[in-house]
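Down below is the structure, laid out as structure tokens.
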Amino acid sequence: MTEQNGTIESHPVHHGEVAETYPPNAEFKAQARVNDPSVYWRAAQDPEGYWADEATNLQWTKPFTEILDWSNPPFAKWFADGELNVSVNCLDRHVAAGLGDRVAIHFEGEPGDARSITYAELTHEVKRAANMLTSLGVTAGDRVALYMPMIPETVISMLAVARLGAAHSVVFGGFSAESLRARIDDAEAELVITADGGYRKSRVSALKPTVDDALALHGGGSTVQKVLVVERTKNDVTMEPGRDLWWHEEITAYDGDHEAQGFPAENPLFILYTSGTTGKPKGILHTSGGYLTQVSTTHRNVFDLKPETDVYWCTADIGWITGHSYVVYGPLANGATQVIYEGTPETPTWGRWWEIIQKYGVSIFYTAPTAIRSFMKIGRQVPEQYDLSSIRVLGSVGEPINPEAWRWYREVIGAGSAPIVDTWWQTETGAMMIAPLPGLTHLKPGSAQAPLPGISATVADDDGNPVSNGQGGLLVVQRPWPAMVRTIWGDDERFKETYWEKFGDRYFAGDGARLDEDGDLWLLGRVDDVMNVSGHRLSTAEIESALIENHAVAESAVVGADDPTTGQAVVAFCVLKESYLTDHVNTEGLDQELRVFVGKQIGAIARPRNVYIVAELPKTRSGKIMRRLLKDIAEGKEIGDTSTLADTMVMSTIQDQVIGKK
Ligand code: PRX
């Protein structure tokens, strides 16, 4: 087998792993930002020294003298006596360096409107917004909730909040009023920034009405004093006098002078909620100096960024961690030029993404395996109609990328030669942790391969002992890293229990992993009750609690079943209430009703693919639901060991009920 550029080395196959590796081609390697393999061992000799060097790439108003303070594990402090302003690092310093005319954002709206914003313009807008927020009462230490579409004002708002030393809590625009309210309450946000709506799938997707609904829940009284509304779609919205303000009306009063002040490196930068194993989402807290250091270093090195010439595009929504770290903070701290696209990939046709790449000459492209698999289904003839020759690095994130998707991505989007960096990380890690370096790594399709310089991660058995090559276990991070989660907002105990109880002062990621014979890491998915649907993290417990809120449901069990496109799909099993069954002889259509109900409770991303109404759930003698057996049913597999069930007959009853529905 030969490749267009570069050779494929033959390799022994283990346990279904692929046989080939793809070394960097000589031309790429020669120009790469990182092409000396000694970076790994040098960083390993002195990881703190490595990160301290990286941190000096930022502009500090007060230089740090301390690097890591791990005297009170698991509560880490990085660069704690240093001070900086995150927003200045993403904006003003580039302008001061004479890069004001460089485009920061090529914005592409879904309906086709486009605008390019330079670093000078973005800095000006952020300063004005910071002045506006100050007059609305935002000060250091406050929390501001954002419920926004993918538009430049979202980036401007985040940077304006950061500029004031306040923390943002961005809530993905697909979340329901209930979910939004829970996050506002938990963070005690006093200001919400939203838009009338955004464009999705050629339609207006309203946002402000959901904010209104959220604030009206639970009798109204919330911590929110003001709601600032960006006009985007001009859909009808109701503005509550005294509370709601139009951004475009308010902003006219503010000019672009704003002297930013430095804040301690450990000043909270943002809270981002993510799903855990219980029903209540966790508010992951990230702080300033360490976070900005690691997101900017990894963004430069893993994508081989050349800010003068590259055009970068990460397709993630800003409502997720990938959007925070690799749309906002990493690229802007590096002075990169990037594309931000508002809408969905199939609007108006499946050619939209490729058309955008052609239009802007995108050279670094970062997306999720689920999207690649959707494009594979549509067929290569669509991307092949566009000129994608500007692409030189491809990235993948969110779930393991299957080798078929990897090869298609490289061949069809990367002209058979672009390196693919498969980046493993999490909301909690804040930045990439395990990923190839494209000028050095001999790539293996499906493997994230090696911890990045300065990161020490490995695979351990259940007792915490490292496993040997060729063996599987749990992914563990052995040393603190700069962008790590500092705590779960308002819940230090839960923080300790979730990540640190299992292995002492080492971080338990919740992922299964194995080392191959070469010592490369393969991520195998979650080992807890967290599902990964289209690269989005969902909690089985959260969906189960939503289902039992429904008047028909007595009990429910949710599993993540393997799905060829979305990675996993949500499948729910529900037992109905006696009272409901007495009143309703016919339960036809209830499954659809329950799907929609979950969508309303949590958000459309959580809507189950299937809801099965069953008479009973499989339980052990101690009453624990055996989700593993339900997963077998949902995946159409042979049912595993049922010997610990209280009633071994229950599985055949459930299977009959499910097959009747299929
Ligand atoms: O299971 C891992 C999977 O996504 C989880 C983290 O989800 P979230 O916090 O939403 O962040 C997603 C974007 C960083 C992980 O625990 N995951 C993420 N990237 C990969 C991955 N699994 C395998 N390979 C990856 N590259």
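The values are calculated or read from the model by the stated rules, or taken from the named source; none is laboratory data. Note that the structure is predicted; figures quoted are calculated from it, not measured. Cβ: placed from backbone, ideal geometry, glycine included. Neighbour counts: every protein chain shown. In case anyone asks, the SASA skips ligands and DNA or RNA and just uses the protein heavy atoms, side chains included. Shrake-Rupley method; radii C 1.70, N 1.55, O 1.52, S 1.80 Å.
Within the stretch 372-403, the residues that satisfy the criterion of being surrounded by fewer than 20 Cβ atoms within 10 Å (Cβ to Cβ) and either among the small types (G, A, S) or within 16 Å of the ligand (Cβ to nearest atom) (or both) are S374, G379, S389, S390, N402, P403.
For T429, the stated conditions do not hold, so it cannot be described as open to solvent by 10 Å² or more (accessible area, probe 1.4 Å), within 28 Å of G504 (Cβ to Cβ) and either within 15 Å of the ligand (Cβ to nearest atom) or outside any loop (DSSP other than H, G, I, E, B) (or both).
Looking across A415, A405, one residue alone is in a loop (DSSP other than H, G, I, E, B) and in contact (Cβ under 8 Å) with a residue 24 or more places away in the chain. It is A415. For T309, the stated conditions hold: it is surrounded by fewer than 21 Cβ atoms within 10 Å (Cβ to Cβ) and over 15 Å from the mean Cα position of the chain (by Cα). Look at the stretch 515-537: where a residue is under 16 Å from G446 (Cα atoms) and a partner is within 12 Å of the ligand (Cβ to nearest atom) and among the aromatic types (F, W, Y), sitting 6+ places away or on another chain with Cβ atoms under 7 Å, you get D516/W522; L523/W424.
Mind counting the residues in the stretch 527-542 that are within 23 Å of V171 (Cα to Cα) and either near the ligand (Cβ under 10 Å from one of its atoms) or modelled with pLDDT of 95 or more (or both)?
7
Against the condition more than 29 Å from G197 (Cα to Cα), out of contact with any strand residue (DSSP E or B) (no Cβ under 7 Å at 6 or more places or on another chain) and either outside any strand (DSSP E or B) or without any contact (Cβ under 8 Å) to a residue 12 or more places away in the chain (or both), how does E66 come out, does it pass? Yes.
What about I548, is it within 16 Å of the ligand (Cβ to nearest atom) and among the aliphatic types (A, V, I, L, M)? In short, no. Residues that are surrounded by fewer than 20 Cβ atoms within 10 Å (Cβ to Cβ) number at least 2 in the following strands (runs of 3 or more DSSP E) confined to the stretch 210-303: 244-246.
Conditions (1) free of Cβ contacts under 8 Å to residues at least 24 places away in the same chain; (2) open to solvent by 70 Å² or more (accessible area, probe 1.4 Å); (3) within 17 Å of L547 (Cβ to Cβ); (4) among the polar types (S, T, N, Q), marked per residue:
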| residue | (1), (2), (3), (4) |
| --- | --- |
| R595 | yes, no, yes, no |
| Q601 | no, no, yes, yes |
| I605 | no, no, yes, no |
| A634 | no, no, yes, no |
| A646 | no, no, no, no |
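Each residue in the stretch 139-155 was checked for being open to solvent by 10 Å² or more (accessible area, probe 1.4 Å), of a type outside the set (S, T, Y) and either in a helix (DSSP H, G or I) or over 20 Å from R232 (Cβ atoms) (or both), and 5 of them qualify.
Residue-wise test of (1) of a type in the set (A, V, I, L, M, F, W, C); (2) closer than 22 Å to F28 by Cα.
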| position | (1), (2) |
| --- | --- |
| I413 | yes, yes |
| A450 | yes, yes |
| I455 | yes, no |
| T458 | no, no |
| D463 | no, no |
| G473 | no, no |
| A483 | yes, no |
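Output the residues belonging to the stretch 312-341 that are open to solvent by less than 10 Å² (accessible area, probe 1.4 Å), under 21 Å from F172 (Cα atoms) and either in a loop (DSSP other than H, G, I, E, B) or aromatic (F, W, Y) (or both). Selection gives W313, I318, G319, Y326, Y329.
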